[in-house]
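Have a look at the structure below before the remarks.
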Amino acid sequence: MGTTNYTGILISGRIHKKFPETEGRLGKTLSFYENAARKNNIKICYFRPSDIDFNNREVKGWVKSSHGYKLIKIHLPAVIFRRTSYGKKYDRLFSPLCNKGDLYLFNLRRFKHKKYDDYLFFHKNETLRKHLPETMKATPESIREMMEKYNQLIIKPNSGRVGKGIMKLEKSEGHWKLLYKKKQEKEIRWETIEFKNDLPSRLIKKMNKGSFLVQERINLATVSGCPFDMRVSVQKNCFGTWQISGIIAKLAERGHFITNLTQGGTSYPLSRLLEGHPSLSPGKVLHNLVPFVLLAADYLEKSYPFLADLGFDIGITPEGFPYIIELNTVSDYPTLTMQNNELGDQEWEKVFTTPIDFSAYLLNEKHCS
């Protein structure tokens, strides 16, 4: 049970159940990981947190062989790439190993990672502060305060994912409108509530059920009248330094304001999306984007080590000024980059292979022993 040539990938129970007969989008994703592993002369073991025997430092996981994937037991790899969430129980088990240098788990859950916590953290940095839309915890009082400042606001869950639960407040001709999604039978439709003074009861009930944020809505750049933003993948590379591995532009469905692919958005390479755009070019966007995104990753790592794969949702104005909308520490790259189980752009392969290159760097440099 040797350890020096293994890196681990921490997967969810849902993914674990698909082994050993991997196919479709998962099979394509694994092929990227495996090709990068072969290039770096290492092997990958895929396992859930519950598969680890922390007392004996062993794990039972799936490893690629000449006859497909097999479930075997190995020493716990010294480098693990986290591709799923886990609870406080595993925080208590992983953290001591990382602190002692026995394990390098990226991205180790070192911070709460609620959206408002992220906002407050970046707001402390004078340079990054100007790249943040104003954000407050949503209460009737804070919403009214923001309504005095802005004509469009976003209301969203403090810990939501993939665009679920997002609502919009919009002022038009002295009246306000609340836009929200409502499920009717098997169809999900956008509904509108108009109001002038009192906030809609639906909005109040939503806030009473959970933690929500109210955020200044950025005037996003558009293509053919549809707003878009970007998932910017910032990862540690084979030299142990931050790089932008991929930019996935997400274009909202016509007549909608949410760009998430699970909410009707479509992904494009930035160069293809901006082809023929009257005011924005990929070069202009990158010129404004790259320095501050790399600064954000470096700033975050100084307070929270063991980070190596970050996904920034970035919105840009029609003039090309970038804003941090959200931070992701486990990006759903297969959904973002693939259509019909094939990459929308070959350059996006780097978002899968770069973490494996970084794992090999850690193993080869003996940062983990």
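The separation of region 234-253 from region 128-167, counted between C-alpha centres, amounts to 26 Å. Within straight-line reach of Lys43, meaning a Cα separation under 15 Å, sit the following aspartates and glutamates at least 8 residues removed in sequence or on another chain: Glu34, Asp357.
Considering helices alone, the calculated mean residue ellipticity of the chain at 222 nm is -8500 deg cm²/dmol, with DSSP H runs of length four and up weighted by -39500 (n - 2.57) and normalised per residue. Go through region 278-326 and name the GluC sites (Glu not before Pro) that are in a DSSP coil and have 11 or fewer other Cβ atoms within 10 Å of their Cβ. Answer by residue number: Glu319.
Cross-link reach is defined here as a Cα-Cα straight distance under 18 Å, omitting same-chain residues fewer than 8 places apart; for Lys89 the aspartates and glutamates meeting it are Asp51, Asp53, Glu58. Potential lengthening of the chain between Lys171 and Arg57 amounts to 35.2 nm, from the contour at 0.36 nm per residue minus the alpha-carbon distance. At full extension, Thr335 and Thr139 could sit 67.2 nm farther apart than now, given 0.36 nm per residue minus the alpha carbon distance. Between Thr317 and Leu286, the distance separating the two model label sites (each 7 Å from Cα on the Cα→Cβ line) works out to 2.4 nm.
Under the simplified labelling scheme, the Lys130-Glu275 pair shows an inter-label distance of 3.5 nm, with each label point 7 Å from Cα along Cα→Cβ.
Any idea what % of Cα-Cα pairs in the chain are farther than 33 Å? Tail fraction, whole percent: 34. Assuming charge only on the beta carbon of Lys and Arg (+1) and of Asp and Glu (-1), the dipole of region 246-369 about its Cα centre is about 180 debye to the nearest 20. Relative to the current alpha-carbon distance between Thr84 and Glu342, full extension at 0.36 nm per residue lengthens the span by 90.6 nm. The base-10 log of I(q)/I(0) for region 108-149, evaluated at q = 0.23, 0.28 Å⁻¹, reads -0.86, -0.98 [Debye formula, identical scatterers on Cα atoms, solvent excluded]. Rg and Dmax over the alpha-carbon atoms of region 135-216 stand at 12.3, 38 Å. Here each label is just a point 7 Å from Cα along the line to Cβ, and for Glu23 and Arg189 those points are 3.8 nm apart. Restricting the chymotrypsin sites (Phe, Trp or Tyr not before Pro) of region 169-256 to loop positions (DSSP other than H, G, I, E, B) with no more than 14 neighbouring Cβ atoms within 10 Å leaves Phe239.
The numbers here are math on the coordinates, done by the rules we state, and not lab data. None of these values were measured; they are calculated from a predicted model. Here the Cβ is made from the backbone with ideal geometry for all residues, glycine too, and neighbour counts use every protein chain on show.
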